[in-house]
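In what follows, a single structure is set out as structure tokens and then discussed.
Derivation of every value follows stated rules applied to the coordinates shown; laboratory data play no part. Just so you know, these numbers come straight off a predicted model, no measurement behind them. Ideal geometry is used to build each Cβ from the backbone, glycine not excepted, and the neighbour counts take in all protein chains shown.
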């Protein structure tokens, strides 16, 4: 049976196999600092280990319960806050005219697409936070 294992700061999808009477761990995939079992992980593991029959829904459920987003002091939340600060600084330094001049294979178009996706994700998350907060006596949006 496969399971998720943490080693250092990273998570791995592993499976125990018995070879010559000894149990060895077979590393199926590196899931990163925040474990995610994406469709790409499923395809790669299925292609590289076709004889393993894995319960992907159970594994995804196991992974989703690992990250403690509710604890503001958890390492994941601290790392997320650090990443958000760095992203804000990087975006502030971004110069669109220079990107257009240095455009190789439509990379600036891809960047704009990713920024639009980020904006949509942020709008959705801000709306979720606003709905979960008690009513705001001052009126207006609390998180903008």
Pop the C-beta distance of residue 122 and residue 33 into the FRET formula with R0 = 25 Å and round what comes out to the nearest 0.05. 0.75
What distance in nm separates the simple spin-label points at residue 78 and residue 25, each placed 7 Å from Cα in the Cβ direction? 2.4 nm
Report the Stokes-Einstein translational diffusion coefficient (µm² s⁻¹, integer) for region 2-64, Rh taken as the Kirkwood radius over Cα pairs, at 25 °C with viscosity 0.890 mPa s. 203 µm²/s
One finds, for residue 48 and residue 86 with R0 = 35 angstrom and r their Cβ-Cβ distance, a FRET efficiency to the nearest 0.05 of 0.55
I want to check the label-to-label distance for residue 17 and residue 129. Put each point 7 Å from Cα in the C-beta direction and report it in nm to one decimal. 4.6 nm
Relative contact order of region 2-64, please, whole-number percent, based on alpha carbon pairs below 8 angstrom and at least 6 residues apart. 29 percent
At R0 = 35 Å the Cβ-Cβ FRET efficiency linking residue 93 and residue 62, nearest 0.05, sits at 0.35
